[in-house]
Amino acid sequence: MSPGNPARHTRPVSPARRSFLRVLSVLAACLALTGGLPDTALAQGTEALKVGLLPTLSTRTLLTHYQPLRDYLERQLGRPVVMHTAADFRAFHRETEAGSYDLALTASHLARLAQTEQQMQPLATYRAVNRAVVIMARARPVRSVAELRGQRLAIFDPLALIVLQALHWLEGQGLRPERDFRVVDARSHNSVAHAVASGEALLGLTSPAGMRAWPDALRDKLAVYMELPPVPALVWVAHPRLGREAERIKALLLSFPDSPEGREFLARTGYEGLREIGAAELRALDPAAREVARLLRATP
């Protein structure tokens, strides 16, 4: 026996100990791949946070815009984040009512409705206000809104706050939908733009965020006829089941613009950051919330 290789008295490893060591090895490999799991993930488990996004843009554009927020929330919460949207505002609000989302980004009047009827908790809103922008084709400039009589108006969703605002304004000008002009439900901001550019509609209703999503070739064919006064922007709301975690998510949303992912998000969307939304602002939305509730009940 060589002095440099002393005898080793080994003891057989029991099946139970071998199984335990194998589990430790697998856990070590998983932690090496993930960089380790934060304490929050251990406390909350790995159940995905379900986030709903109001379908203001095409699904592809919406999910691309909000990918930085998804990455940020996953990093901060230590849990998967899954983002969903819906076919239209009505379907989205129905899913919100049903509790399909833990966290939802919705229109301000729908947020107020969700707060009063489903006890959803408003967390934050965007600093940039929203507004209805009435667009026309450069090839067919409109001199007076009275020219809409007998023509078509393209909208992206009949439940959108800016659409309700614009239709109310048109009624003040003596123009009622389906009596004096037809409404074309174009389903998206890009579809509204195409409807106006192609001559299918004389005027269209969109928003500043919707206009930013237009391709340059389409933008060159359109012009702004007028802009209506600002209305409250989109609002983030939390389902009651989140409990105290809702306050942590609120703090994360308000801090999001200062993160690397937040700066990427702002560059993509043109938003100006997030802020808290006050109780008085929410109460001021009650008339619009009542009107959208009536519309939801009136049609299936």
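The values are calculated or read from the model by the stated rules, or taken from the named source; none is laboratory data. Owing to the predicted nature of the structure, the values given are computational and were not obtained by experimental measurement. Backbone-built Cβ (ideal geometry, glycine too); neighbour counts: all protein chains shown.
Key figures for this structure:
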| read-out | value |
| --- | --- |
| Qualifying positions in the range 74-104 - part of a strand (DSSP E or B) and buried (at least 18 other Cβ atoms within 10 Å of the Cβ) | Val81, Met83, Leu103, Ala104 |
| Residue in the range 56-63 that is among the aliphatic types (A, V, I, L, M), buried (at least 18 other Cβ atoms within 10 Å of the Cβ) and modelled with pLDDT of 95 or more present | no |
| Whichever residue in the range 122-149 is of a type outside the set (Val, Ile, Thr) and within 18 Å of Ala288 (Cα to Cα) and, among such residues, is modelled with the lowest pLDDT | Asn130 |
| Candidate set from the range 232-258 (those that are in contact with a Ser or Thr (Cβ under 7 Å, 6 or more places away or on another chain) and aliphatic (A, V, I, L, M)); member that is nearest to Ala104 (Cα to Cα) | Val237 |
| In the range 182-191, the residues that are in contact with a helix residue (DSSP H, G or I) (Cβ under 8 Å, 6 or more places away or on another chain) and more than 18 Å from Arg90 (Cα to Cα) | Asn190 |
| Helices (runs of 4 or more DSSP H) contained in the range 179-247 and holding at least 3 residues within 23 Å of the chain's Cα centre (by Cα) and either modelled with pLDDT under 90 or not assigned by TED's automatic domain parsing to the domain that holds Ala48 (or both) | 189-198, 208-212 |
| Residue in the range 276-294 that is of a type in the set (Lys, Arg), in contact with an Asp or Glu (Cβ under 8 Å, 6 or more places away or on another chain), in the same structural domain as Ala48 (by TED's automatic domain parsing) and in a helix (DSSP H, G or I) present | no |
| Residue within the range 31-48 that is under 30 Å from Ala209 (Cβ atoms), outside any loop (DSSP other than H, G, I, E, B), modelled with pLDDT of 95 or more and not charged (D, E, K, R) present | no |
| Condition met for Leu164 (in a helix (DSSP H, G or I), under 20 Å from Arg179 (Cβ atoms) and more than 18 Å from the chain's Cα centre (by Cα)) | yes |
| Selection from the range 132-161 of residues that are in a loop (DSSP other than H, G, I, E, B) and free of Cβ contacts under 8 Å to residues at least 60 places away in the same chain | Arg143, Ser144, Arg149, Gly150, Gln151 |
| Residue in the range 158-169 that is in contact with a Ser or Thr (Cβ under 7 Å, 6 or more places away or on another chain), closer than 19 Å to Ala289 by Cα and assigned by TED's automatic domain parsing to the domain that holds Leu202 present | yes |
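One line per residue, one yes/no per condition, for (1) small (Gly, Ala, Ser); (2) in contact with a Lys or Arg (Cβ under 6 Å, 6 or more places away or on another chain); (3) exposed (fewer than 15 other Cβ atoms within 10 Å of the Cβ):
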site: Ser198; (1), (2), (3): yes, no, yes
site: Leu203; (1), (2), (3): no, no, no
site: Met211; (1), (2), (3): no, no, no
site: Ala238; (1), (2), (3): yes, no, no
site: Ala246; (1), (2), (3): yes, no, no
site: Leu252; (1), (2), (3): no, no, no
site: Glu264; (1), (2), (3): no, no, no
site: Thr269; (1), (2), (3): no, no, no
site: Ala284; (1), (2), (3): yes, no, yes
